[in-house]
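Just so it is clear, none of the values below were taken in a lab; they were calculated from the coordinates. The structure presented is a predicted model; accordingly, all values stated were derived computationally and were not measured. Cβ sites come from the backbone with ideal geometry, for glycine too, and all protein chains shown count toward neighbours.
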Amino acid sequence: MSRIGRMPVKIPAGVDVKVDKANKIIVKGKGGTLERMLHKEMIIEIENGTITVKRPSENKMHKSLHGLTRSLINNMVEGVTKGYEKTLVINGVGYRAQMQGKKLVMNLGYSHPVEMEQPEDIVFEVPAANRIVVKGIDKQKVGEFAAKIRGKRKPDVYKGKGIRYENEVIRLKEGKAGAK
């Protein structure tokens, strides 16, 4: 049995969950509404304020989908209640970010400023010139957009300059032995 797959997902107060015959799940909460098509062979049951996921057989594919399905449902429920956020830190002399309306404008050492439009499901915050907070209710979209921002200037392994996640540790390499 999958350790993650067999754990029930508790439905908090104020969250409405619906599952149809084709395993399309709709989760509504104070943060918004999320929809997702899950694998049609997985058995999803809602009873007494909890969601349980069962697999139809001990087939290898069903075993792999069991924990995945439960995790996706849990992420949806958590997203509409609390939401998700990723914090990015900008390191480097002259590197900074600022909001201009719905655009994120970053100076990252290029000859031009890097501009990124804010998607409809994602919210940016720039509490300081060297910090960017990406927020949203869909865990996948928040992580994907934070990765796009980080991809504009990945951390340099020699000086540590660039954009990194807040809890990311960059191991700096030593330069050439003769040059200092």
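In this simple spin-label approximation, residue 16 and residue 114 carry label points 7 Å from Cα along the Cα→Cβ vector, and these lie 4.1 nm apart. Under 5 Å from the amide H of residue 156 lie the amide H atoms of 161, 162, each residue being 5 or more positions distant or on a separate chain, with H modelled from the backbone and absent for Pro and chain starts. Extending 7 Å from Cα along the Cβ direction at residue 105 and again at residue 30 yields two label points whose distance is 3.5 nm. Shown for region 84-165: lysine pairs separated by 8 or more places, or found on different chains, whose C-alpha atoms are under 20 Å apart, numbering 24. Can you classify region 40-87 as rounded, prolate or oblate using the Cα gyration tensor, where a ≥ b ≥ c are the square roots of its eigenvalues, rounded means a/c under 1.5, and otherwise it's prolate if a/b beats b/c and oblate if not? Because a/c hits 1.5 or more and a/b fails to exceed b/c, region 40-87 counts as oblate. In the chain, Cα pairs under 8 Å separated by at least six residues give a relative contact order of 18 percent. Only Cα pairs within less than 10 Å get springs; with that Gaussian network setup on the chain, which residue of 51, 163, 132 has the largest fluctuation? Result: 51 has the largest fluctuation of those listed.
Helix 139-151 versus the longest principal axis of the chain: what angle, 0 to 90°, nearest 10, using Cα atoms? Approximately 20 degrees, to the nearest ten. Among 129, 147, 22, which one moves the most in a GNM of the chain with springs linking Cα atoms closer than 10 Å? Result: 22 has the largest fluctuation of those listed.
With neighbours defined as other Cβ atoms within 10 Å of a residue's Cβ, the residues 57, 64, 71 order from fewest to most as 57, 64, 71. For region 51-60, putting each phi into the Karplus relation 6.51 cos²θ - 1.76 cosθ + 1.60 with θ = phi - 60° gives couplings of 10, 10, 10, 10, 9, x, 8, 8, 4, 4 Hz, in residue order, rounded to whole numbers and with x for Gly and Pro.
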